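Student: Sharing a structure here in structure tokens format.
The numbers here are math on the coordinates, done by the rules we state, and not lab data. Note that the coordinates shown come from a computational prediction; the quantities given were computed from them, not determined experimentally. Positions of Cβ are generated from backbone atoms using ideal geometry, with glycine treated the same way; all protein chains shown enter the neighbour counts.
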Amino acid sequence: MGTTQPIRNKQDLNKFTEYYRKEQVNSRNYALIVLGLNTALRISDILDLKWQDVYDFENDSFCMHICVQEKKTGKQNRIPLNAHVKDALFLYKKERNPKSEHYIFTKNTNFDVPLNRTQAYRIIRKAAEMTINEPNISCHSLRKTFGYHAWKQGTPPALLMDIYNHSSYRITKRYLGITQDERDAIYMKINL
């Protein structure tokens, strides 16, 4: 059994992200993946979100930030919602017409109970199986993919450590699979 991996290749990432928007259209599943990729939240924290956490019903607009008390660490986390997340949630909200107290990610038949981790895993695995050839994609891959691409785009290691609440950069590198990528690059450059 392999370790959960980030989606490293940008073309694969695009195919994976767009699966529920273009191939097997499902606005809930699309919004789940987009939110996970763009916030680096654990799936347990994503599934606990309610519409009032992301949408201001009084002003009829999306919130600029979401505030989450992380289940695993108990720490408060304030995360901005980028345009990609807002667009995905808008498509889903328009289709669903939720109330503020409803969970965001639920079955279509019961808005009072969130999806469970197993259901979220199936959603993500199906998108991975149908689009990319990587067997080690799971819910946690969304969180790891965020960090991997942030690192590739030049995000300072100290910021990634802070986002993930890691105690050292060594842990963050191992978490994102960066160490292996760096080692592989050295081997690929050698031509003796």
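Student: The range 91-178: which GluC sites (Glu not before Pro) are DSSP loop and have at most 13 other beta-carbon atoms within 10 angstrom?
Tutor: Filter output for the range 91-178: Glu101.
Student: What trypsin sites (Lys or Arg not before Pro) in the range 26-76 are in a loop by DSSP, with at most 14 other Cβ atoms within 10 Å of the Cβ?
Tutor: Qualifying residues, ordered by number: Lys71, Lys72, Lys75.
Student: With Rg/Rh (Cα atoms, Kirkwood Rh) in mind, check (i) 0.93; (ii) 0.99; (iii) 1.02 and report the label derived from this structure.
Tutor: Only one option fits the structure, namely (ii).
Student: If you don't mind, there's one more thing I want to ask. Around Tyr55, which amide H atoms from residues at least 5 apart in sequence, or from another chain, sit under 5 Å from its own amide H, with H modelled in the peptide plane?
Tutor: Amide H to amide H, under 5 Å and 5 or more residues apart or across chains, Tyr55 pairs with Cys63.
Student: So who's got an amide H within less than 5 Å of the one on Ser138, skipping anything under 5 residues away but keeping other chains? H placed 1.01 Å off N, in plane.
Tutor: Amide H neighbours of Ser138, under 5 Å, 5+ apart: Gln5.
Student: Residue by residue through the range 67-78, what is 3J(HN,Hα) from phi via Karplus (6.51 cos²θ - 1.76 cosθ + 1.60, θ = phi - 60°)? Round to whole Hz and write x for glycine and proline.
Tutor: 10, 10, 9, 5, 4, 5, 9, x, 7, 7, 9, 10
Student: Please list the non-local residues whose amide H lies under 5 Å from the amide H of Lys50, H modeled 1.01 Å from N, same-chain partners needing a gap of 5 or more.
Tutor: When sequence neighbours closer than 5 places are left aside, the close amide H contacts are Ile104.
Student: Going by Cα centres, the range 121-140 and the range 1-61 are how many Å apart?
Tutor: The two parts, judged by their Cα centres, are 13 Å apart.
Student: With only Lys, Arg, Asp and Glu charged, each at its Cβ (+1 for the first two, -1 for the last two), find how big the charge dipole of the range 106-172 is about the Cα centre; round to the nearest 20 debye.
Tutor: Dipole about the Cα centre, nearest 20: 120 debye.
Student: I want to check the label-to-label distance for Asn110 and Leu192. Put each point 7 Å from Cα in the C-beta direction and report it in nm to one decimal.
Tutor: Inter-label distance under the simple model: 6.2 nm.
Student: Suppose R0 equals 35 Å; then what is the FRET efficiency for Glu23 and Ser100 from their Cβ-Cβ distance, rounded to the nearest 0.05?
Tutor: Calculated value: 0.65.
Student: Pull out a ≥ b ≥ c, the square roots of the eigenvalues of the alpha-carbon gyration tensor of the range 24-69, then state rounded if a/c is under 1.5, prolate if not and a/b is larger than b/c, and oblate in the remaining case.
Tutor: oblate
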